[in-house]
Each structure stands twice: as structure tokens, then as C-alpha cells.
Amino acid sequence: MSVSIGSKPIVTSGLTHLYDQLSPKSMPSGSEVWYNHLPSSYAEKNAKYSPSGTKAGLATYGSKTEHARLKGYDTYDGSGDYWNFTDNNVNQQPIQQFPMTFIIWARHTKADTSTRALGGFTGNNASYYYGYFQVYYTGSKLKPYWKFEPQTSFANVAMDVDLDNQWHMWCVRETSGAVRDFTLDAGDFGSVTSTYNVSTPWEFNASCDNFDIGNAQTGDSYDNSWLGDIGPWYIFNRSISDSEVRQMYDANKDRFNL
């Protein structure tokens, strides 16, 4: 497998899905579809499926003044902008296993304090299993969350920081069905580890059948869509190490002027 996006090496061991606007394979010029940079045969052998995403609400790619592929990210205006990769079809989920790692680069405008979804795995029934990134305003802070809902109970992993309007690398690692580690910027901006004793993690539940970036459907409704920018995102079929999380952060921090 060869991955040659960016100026510094990323972690490739266990990487099954790489969606990066800079990649002409992932976001071809003029396309309104977002593809996995890695071959479908590889992703399906080492995970489950290699879905492509179709846009909702985002400006038509070909008419953008600054093309997303040249900028290396998409801009979301908070009014229903998102990419849909799996719509009510559990058989097309990109991965259904643990341990796993999910990484995404994003920037919030900090223009308001509405609850907003950054993206992840959800479903269209209130009793489904969910796992997705979210911001939620509480305690005078716009807190980053890994929102985990095993059916009707909640096991949110909340980071006690006030999210700013800068670029951050969001990373969650599921080391088992009960333990998840959530960091921003490899822990430089914040980190939290949570243990929740649930026998069936969301990746394995057949009711988790949606996958979106920029929004999340939870039951009959969607969260407010993301307000800001979203760059590349990655899925690994294993829980990568602390040093590998750091490598992933260092590989892209110059790209986002950090």
C-alpha cells in the first residue's frame, strides 16, 4: 500500500480508509463524490466496505472559487452541509470491528454555541447504537464530545476544554467494547479516557446504519450541521499507539499552519 499525501509520513499500518481533499484520487477535480484514497479491495479485505460520500448542502465543487481539493478542506455553513457515506444500510459501513481508531481534522468558527455534529456512525432510530464527534455548550464552555449511545443509555466522553476557532486533530480510539480514549492534537489541547461497560460496541450493532461527516442523524432528526471547516479523516482497524497518534498530528500540523 502506498500513501503519498502531504509532506510528512502518516501511519499506514492498519489504515483502511483515508479521505483527503488534497488527493486527486479521493476528491477528483470537478467531482461531487468523496472517495476513499485507498483501493476498495484493500479496504474491504481489512475492514468491511469502502463507501464513497455524496454531498448534501455543500456548494457544488466545480463552482467554488477556492476548490476544496486545492484548499485541502471543505467549508460548512451550519445549515445542513454534510457528506453522506452510508444511508440506512449497515452492510455499507466502512468498518465494524474493534479495536479501532477514528481521526478527523476540523476547525469550528466559534460563531455560536449551538450543539453541532462533526460526524461519525449513527442511525435513524432512537434506540440505535451511535458513535460520533460533537460540540456541546455546557458550563460556559463549548466542549468537544465523543458522543457514544449504546441504545437508550448514554456514555458520552466529554473533554473539559473550551473549543477555540483553530484547527485541531480529533482522535478517538476504541481499545475494547468498554474503553475509549479521546484526544485533541495528540493530547496537547485536551484528552479524556472513559470506561463504559457495554457488551455490544456500536460498531457491531446492525442498527448503526448511517455514516456522515459534518452532521449526524440520531433517530428521526439530525444534529445541527458543522459550522466551520473539515479536512482529512482516517479510519484504522486497530487502536494506534500514543506515539502513532503524535505522528499523525505532526504529519499535518504544518498543513494547517499550527
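Where a number appears in this text, it was derived from the coordinates with a stated rule and is not lab data. Computed from a prediction, not measured in an experiment: that's the story for all the values here. So basically every Cβ, Gly included, is an ideal-geometry build from the backbone, and we count neighbours across all protein chains shown.
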Mind ranking 86-92, 13-19, 209-215 by how tightly packed they are, going by the mean number of other C-beta atoms within 10 angstrom, highest first? 209-215, 13-19, 86-92
Label-point separation, residue 125 to residue 88 (7 Å along Cα→Cβ), nm: 1.2
For a quick protection proxy, order the peptides 29-41, 133-145, 222-234 by their average other-Cβ count within 10 Å, most packed first. 222-234, 133-145, 29-41
Mind scanning 141/253; 55/141; 45/253; 110/141; 25/55; 48/253 and naming the pairs with a C-alpha gap bigger than 22 Å? 141/253; 55/141; 45/253; 48/253
